[in-house]
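First comes the structure, then the notes that go with it.
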Amino acid sequence: RKLAASTQENQHLAGLERGAMASAAPAPSGAVFRVEKLDDPKWNGNYFKDGEYNGKPQYKNDNGIEIYYGWDHGYVGYDCWNDDDVDDLDYLYHPDVDAAQPPCTGWLRYQDKSPSPMRIVYL
């Protein structure tokens, strides 16, 4: 079952993440958030808004990895936040939050539903 996250909760979480990164280098112009802690470096780095999909913002990094809210390719059976590599068809998803922006933590691997170390830090 999906849980609705309030705008206030999202802003609070984003503020906590921003505060934790106060000493980090400034973000490139236009970057919205950074992905950290994934083994494959093509997933890590800054993400920029790349239009909308399913009524919510869609994001893409310089390596072509997309984060969007939409159909989960049939793995969980409903719309959710997805992070995918369009070349390798390797997916991460967040099943439990119907939020306006991608959640900072709680991502799972499609293959075995195990937790992913992926973390989003809003800039």
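The values are calculated or read from the model by the stated rules, or taken from the named source; none is laboratory data. Just so you know, these numbers come straight off a predicted model, no measurement behind them. Note: ideal-geometry Cβ built from the backbone for every residue, glycine included; neighbour counts use all protein chains shown.
For this structure, a couple of remarks:
- Set P57, P41, P103: member being modelled with pLDDT of 90 or more and outside any strand (DSSP E or B): P103
- Total residues in the stretch 104-118, condition out of contact with any Lys or Arg (no Cβ under 7 Å at 6 or more places or on another chain) and under 15 Å from D84 (Cα atoms): 6
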